[in-house]
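Have a look at the structure below before the remarks.
The values are calculated or read from the model by the stated rules, or taken from the named source; none is laboratory data. These numbers come from a predicted model, not from an experiment. Virtual Cβ from ideal backbone geometry, glycine too; neighbours counted across all protein chains shown.
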Amino acid sequence: MVKERKTELVEGFRHSVPYINTHRGKTFVIMLGGETIEHENFSSIVNDIGLLHSLGIRLVVVYGARPQIDANLAAHHHEPLYHKNIRVTDAKTLELVKQAAGTLQLDITASLSMSLNNTPLQGAHINVVSGNFIIAQPLGVDDGVDYCHSGRIRRIDEDAIHRQLDSGAIVLMGPVAVSVTGESFNLTSEEIATQLAIKLKAEKMIGFCSSQGVTNDDGDIVSELFPNEAQARVEAQEEKGDYNSGTVRFLRGAVKACRSGVRRCHLISYQEDGALLQELFSRDGIGTQIVMESAEQIRRATINDIGGILELIRPLEQQGILVRRSREQLEMEIDKFTIIQRDNTTIACAALYPFPEEKIGEMACVAVHPDYRSSSRGEVLLERIAAQAKQSGLSKLFVLTTRSIHWFQERGFTPVDIDLLPESKKQLYNYQRKSKVLMPHLKCAHRHTATDGDARGSPQCKPALVLLLACVGSVKSTPHGRTPIPAIYVPSSPT
């Protein structure tokens, strides 16, 4: 029998291993809305949660029951009542809430207990623990409206939760909690998940919605938002009357969680099979994450970055697109390189070689990882190198390229004669390769300067303007860019 060889599986596993090691021993809070539980893909989500547990991730699962509660109320002909978009839980409603939440707790516990069946881990036991880890208190009366048994969190026994997680259990929390007087209260799952993530100092809070994440005006997924950006999205949706969709509820909690120390909050689709695994074990994920600090940074290279740069440029050297650089050469020239890193992986690089006597600089060795060429990383590097040239007192910038002439022309570069090259560069010019020389002028100085840091951004460049890049730092950009970025060859040494 000839066995099928699947290189995609091998590559996927290789790329996931660093994340497996990174996530092991970390605490994740997973928020499952009632809509998620109702969906046909829920069994796959539960299986993936079981897989996360088997990889040594400490899991707290918080479930909501909004649609199940509404269905229960409708079945008993009991009209739901809201005040300021918060459910008023009277005695009758509370009984129906407890009924729905209790049923879901049993169902989810059963599903998690059998989540590893029909896998190589069949027989491994998952303990699912629930308890009175949260003490509630009433919301009280607002504008004359008594919220009755609608409540909020008074305190969390995080030590007890940590003990359960340390023992290897999954902690399962529902929307009903008790008070110190023994009364039951109906809480929102987003408040529970958010406060648990904060108190437990969780690494991540993960939520599900009907879409793949937050989208921009073009309908594309926004892979990363800062809390202030996420807050603006929430306010925009609330202005449209959307207060309780899964996306709005999660973003509201994610903003608070990130500002209180949770490193990353992820919003993914419950309709996409395997979305949880794709989000957590791939470099770019599949949904939207809310972060205090971007996963992607642009900065000057150091000696420790040589391995990453070599890995990035070697395929281009083998194709003859880039001139081969030895490790020794890179070590000597590393201070000239700028890199973009994503999750500690170098995904783009460029170098600036100055010719101070002629006040001109060469942008060289520009390379963008194949996975990111349909983004704005090339433009981000272009801006950064132009900014460095300005700061170094250079008045012109040039590139030599055989493959990317149009890409540079679209950004304001124009072909020029070889005679305009610095004398020392002209002597090294390879007439067999016939690289084109392109050059813009570094026009006006700008009050902003570029600094190392967030590499996100969409330089909304008009061809004449980019050119220079004179306005570096004046526009923020995003990695979901515009024009496809080619691998760019700009030699810095004779071929």
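General observations
- The residue list E357, E383 contains one member that is assigned by TED's automatic domain parsing to the domain that holds F408, part of a helix (DSSP H, G or I) and within 16 Å of W407 (Cα to Cα), which is E383.
- Failed criterion for R249 (all others in (1) over 14 Å from G64 (Cα atoms); (2) under 21 Å from the mean Cα position of the chain (by Cα); (3) surrounded by 14 or more Cβ atoms within 10 Å (Cβ to Cβ) hold): (1)
- All positions within region 386-406 that are within 23 Å of S435 (Cβ to Cβ) and assigned to a helix (DSSP H, G or I): A386, Q388, A389, I405, H406
- Just one residue in the set E239, E235, E191 is surrounded by 18 or more Cβ atoms within 10 Å (Cβ to Cβ), out of contact with any His (no Cβ under 7 Å at 6 or more places or on another chain) and of a type in the set (D, E, K, R); that residue is E191.
- Single unsatisfied condition, L112 versus (1) surrounded by fewer than 16 Cβ atoms within 10 Å (Cβ to Cβ); (2) within 24 Å of I161 (Cα to Cα): (1)
- Test for D157: is it charged (D, E, K, R) and either in contact (Cβ under 8 Å) with a residue 40 or more places away in the chain or in contact with a His (Cβ under 7 Å, 6 or more places away or on another chain) (or both): no
- Residue pairs meeting the criteria (Cβ under 8 Å; at least 6 apart or on separate chains; first charged (D, E, K, R), in region 361-385; second assigned to a helix (DSSP H, G or I)): E362/K425; E379/V466; E383/V466
- Entirely in region 96-210, the strands (runs of 3 or more DSSP E) that have 2 or more residues that are under 30 Å from the mean Cα position of the chain (by Cα): 151-156, 170-173, 204-209
- Single residue of region 402-428 satisfying the filter (under 19 Å from R384 (Cα atoms) and in contact with a Ser or Thr (Cβ under 7 Å, 6 or more places away or on another chain)) that is surrounded by the fewest Cβ atoms within 10 Å (Cβ to Cβ): E410
- Selection count, region 318-374, where residues are polar (S, T, N, Q) and farther than 25 Å from K434 by Cα: 6
- Test: residue in region 361-369 that is farther than 19 Å from E317 by Cβ, surrounded by 14 or more Cβ atoms within 10 Å (Cβ to Cβ) and modelled with pLDDT of 85 or more: yes
- Identification of helices (runs of 4 or more DSSP H) wholly contained in region 256-354 with 3 or more residues that are surrounded by 18 or more Cβ atoms within 10 Å (Cβ to Cβ), touching a Phe, Trp or Tyr at 6+ places or on another chain (Cβ under 9 Å) and touching a residue at least 60 places away in the same chain (Cβ under 8 Å) yields 275-280.
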